[in-house]
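Encoded as structure tokens, the structure appears first; notes follow it.
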Amino acid sequence: MFKFLKEIKEAFQEGVEEAKEELKEEQEKEKNRNIDVLNKLSEISQEERFGTSLAAPFRTTAFMDWFSLFKSSRELKEEDVIPVHLYKYGYLNELNESDIERLKNQQEGSFDIENEEDVLSITQSFLLGVGISLHSLENIKPKYQPEELICFKEGKLLPAWSLSAAASTLVSGVEFNGLPKEKSLKIFSELLPHVQKIYKNWDDFGDDYLQEDGLINSEKKAIKQTDNTIYNLTFKFGSPWVQFPLERY
């Protein structure tokens, strides 16, 4: 009887050790996959990575990356997931239909954008509203005055929210409204030093965005989701804010 129990125990322990080895091997494979992904992401142009990072609060919401309404669920999400779509844009063939539909609805519904002219004029509205004038947009007339925009609060445009909205407008403009990607990259290249003058790092940008979104949104569910979004962008391994800090551009 004791011999039988001993054999069961040994078999169980052997099974546990095998499971540990399999888990270790899988973790090692996942680590190597992530290294390969990050190497490929580092080959994406600085302007493109900056543009998607700036647009990330909007893009992450549309893609529902690391989606959870509850703080207690945050740690349950995969820490090593790398949402490649937060690092580049213009590759709709790599996205599923539901993601494409949400992105398109965000672009058309939130900003009332139909064509390339709308993309540039609304981007100009956001940027001029926060005191940024770009040579690449000098001949573009703003579609809205600052006080006509949803992010106009306390007599001014909220900077982090406006900058992210401008970036999201440009990125989705390439995907849905015929804006040439090279034109968007030129704008992002010129915009980068302006953003770096306002924000030392993505942490500061995220803090401002979170506070500003609270002034715009009144729905508790939306506020909670924004809080989750900024938390994930600030701390998750796969976030472009973590992998490519603003101060290192």
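Evaluating 6.51 cos²θ - 1.76 cosθ + 1.60 at θ = phi - 60° for every residue in segment 226-242, the Karplus couplings come out as 5, 4, 5, 4, 5, 4, 5, 5, 7, 10, 5, 3, x, 6, x, 5, 7 Hz, glycine and proline recorded as x.
When each of the peptides 117-130, 158-171, 135-148 is scored by the mean number of other C-beta atoms lying within 10 Å of its residues, the order from highest to lowest reads 158-171, 117-130, 135-148. Put one equal scatterer on each alpha carbon of segment 134-223, apply the Debye formula with no solvent term, and list log10 I(q)/I(0) at q = 0.15, 0.20 1/Å to two decimals. After summing over all Cα pairs, the log10 values are -0.69, -1.16. Amide H contacts under 5 Å for ASN201: none, restricted to partners 5 or more places along the chain or on a different chain, H placed in the peptide plane at 1.01 Å from N. Sequentially through segment 113-119, phi angles give Karplus couplings (6.51, -1.76, 1.60; θ = phi - 60°) of 10, 10, 8, 4, 4, 4, 4 Hz, Gly and Pro residues having no value and appearing as x. With θ taken as phi - 60° and the Karplus curve 6.51 cos²θ - 1.76 cosθ + 1.60 applied, the whole-hertz 3J(HN,Hα) list for segment 193-199 is x, 5, 5, 5, 6, 8, 10 Hz, x standing for glycine and proline.
With the simple model of a label 7 Å out from the Cα in the direction of the Cβ, ASP204 to ASP80 spans 3.4 nm. Within segment 45-248, the proportion of Cα pairs with more than 30 Å between them is 14 percent.
Extending 7 Å from Cα along the Cβ direction at PHE237 and again at GLN145 yields two label points whose distance is 5.2 nm.
Only the coordinates and a few stated rules stand behind these numbers; no lab work does. Source: prediction; values computed, not measured. Cβ sites come from the backbone with ideal geometry, for glycine too, and all protein chains shown count toward neighbours.
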